[in-house]
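Values in this text are rule-based calculations from the coordinates and carry no lab data. Keep in mind that this is a model prediction, so the values were computed, not measured. All Cβ positions, glycine included, derive from the backbone under ideal geometry; neighbour counts span all protein chains shown.
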Amino acid sequence: MAVKTVIGVFENKQQAEKAVNSLRNSGFDTNEISIVAKEEKKDNGDEETLEMDTVADGTATGGVIGGLAGLAIGAGALAIPGIGPLFAAGPIAGLISGAATGGIAGSLIDWGIPAERGEYYEEEVKKGKILAVIRAHDQKVQQAANILRQNGAKDVETH
């Protein structure tokens, strides 16, 4: 059975959290779901920084963190040249930290995302968007794509 990658972009952490909860409630394992987000404050002054300590100890509440508490394996803050501080949860966290010089785009290539699309998704994260990446077997990829779209993801693609 082939494994494919489904990728989508969320405008905010509430959408991403809902999508992760829907994926988990639909039988997706935490080792199939990855999230990448830039750590920064929004222009309007609202705090958007994801709190690493609450992810690591699993006592997180609210926002993306609440929905991602189960994705704490490998979760953490990474500093990527040209992008800055990132929060990555799930299997992609190890890929990104291992390929820090290649950034997000370089990591996505390892999962079958063409270089130019990886660069596009990296740019979206730089703009403050949240990337959801699901690695699953063939028979689950359409379901994953549908869940991402139902929860507000844009630019959903399967590779």
Of K38/K154; K129/K154; K38/K140, pairs whose Cα-Cα distance is over 19 Å: K38/K140
HN-Hα J in Hz across segment 149-157 - Karplus 6.51, -1.76, 1.60, θ = phi - 60°, x for Gly and Pro: 5, 4, 9, x, 5, 10, 6, 6, 9
Amide N proximity, segment 129-143 versus A2 label position 7 Å along Cα-to-Cβ, cut-off under 15 Å: 136-142
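Mind checking the full-extension length gain between D29 and T158? Use 0.36 nm per residue of separation minus the Cα-Cα distance, one decimal, nm.
Numbers: separation 129, 0.36 × 129 = 46.44 nm, distance 1.81 nm.
Additional length available on full extension: 44.6 nm.
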Within-14-Å neighbourhood charge of G82 [Cβ basis; K, R +1; D, E -1]: 0
Per-residue ³J(HN,Hα) for segment 20-25, Karplus 6.51 cos²θ - 1.76 cosθ + 1.60, θ = phi - 60°, Hz, x for Gly and Pro: 4, 4, 5, 4, 5, 5
